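Beneath this line is the structure, given in structure tokens, with notes to follow.
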Amino acid sequence: MATEDKEKKIQAADTPEAGGAQGSDGNAAAGEATAAREREEEEHLNAALQAIKDTAREDDPKPSPSLTLRKILGGDILNAEFVRSQIWLFVLIVLFTVVYVAFRYQCQQDMLTIDRLERELKDAKYKALSSSSTLTERCRESHVLEMLKNNEDSLLRPSDQPPYIINVPEE
């Protein structure tokens, strides 16, 4: 609005009906008006350029000294300057997190393998115990004698005489 008023005053000074003097005084007034208009345009252009520079800065605004919950939850604490200055810390934290998750996964896999192998070991022990008891039963003297009686082709017979000890003299 102020620029419109200034332009109207300049135009009024340029027109001869405004009471401006004719001749050299009129040309001088018109030249001054044109120069004033150019200065105003230049000032207006400089002001617009300064406003653009103020709003389009690459640096981040400085954080206020008060740290509130709203700023933390709103994400204002994670401005670019803070992130840039602490980037290696963030990389280290991410690396440790990845290593932690990987080791935990590997530990769970190892525990599952241990449980599976313990079940297999238990089954193998039961199988060995069962086989051992079957072998012990078949090797008993009474069972062997019964098998010999049932098998008529065998020439083996139980002895009627008890065993005796043979003494060998030592030299």
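The values are calculated or read from the model by the stated rules, or taken from the named source; none is laboratory data. Given the structure is predicted, the values throughout are model-derived calculations rather than measurements. We place every Cβ from the backbone using ideal geometry, glycine too, and count neighbours over all the protein chains shown. Keep in mind that these areas ignore ligands, DNA and RNA; they rest on the heavy atoms of the full protein, side chains included. Shrake-Rupley method; radii C 1.70, N 1.55, O 1.52, S 1.80 Å.
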**OP:** Test Ser142 against the stated conditions and say whether it is within 60 Å of the chain's Cα centre (by Cα), of a type in the set (S, T, N, Q) and either within 30 Å of Leu78 (Cβ to Cβ) or assigned to a helix (DSSP H, G or I) (or both).
**Re:** no
Original post:
Is there any pair with a first residue in the range 71-89 that is modelled with pLDDT of 80 or more and a second that is open to solvent by 70 Å² or more (accessible area, probe 1.4 Å) and part of a loop (DSSP other than H, G, I, E, B) whose Cβ atoms are under 7 Å apart and which are 6 or more apart or on different chains, and what are they?
Top reply: none
Subject >> Failed item in (1) open to solvent by 90 Å² or more (accessible area, probe 1.4 Å); (2) over 60 Å from the mean Cα position of the chain (by Cα); (3) not basic (Lys, Arg), with Ser154 passing the rest >> reply: (1)
Subject >> Every pair of residues 6+ apart whose Cβ atoms lie under 6 Å, when the first sits in the range 27-44 and is basic (Lys, Arg) while the second is part of a helix (DSSP H, G or I) >> reply: Arg37/Ile10
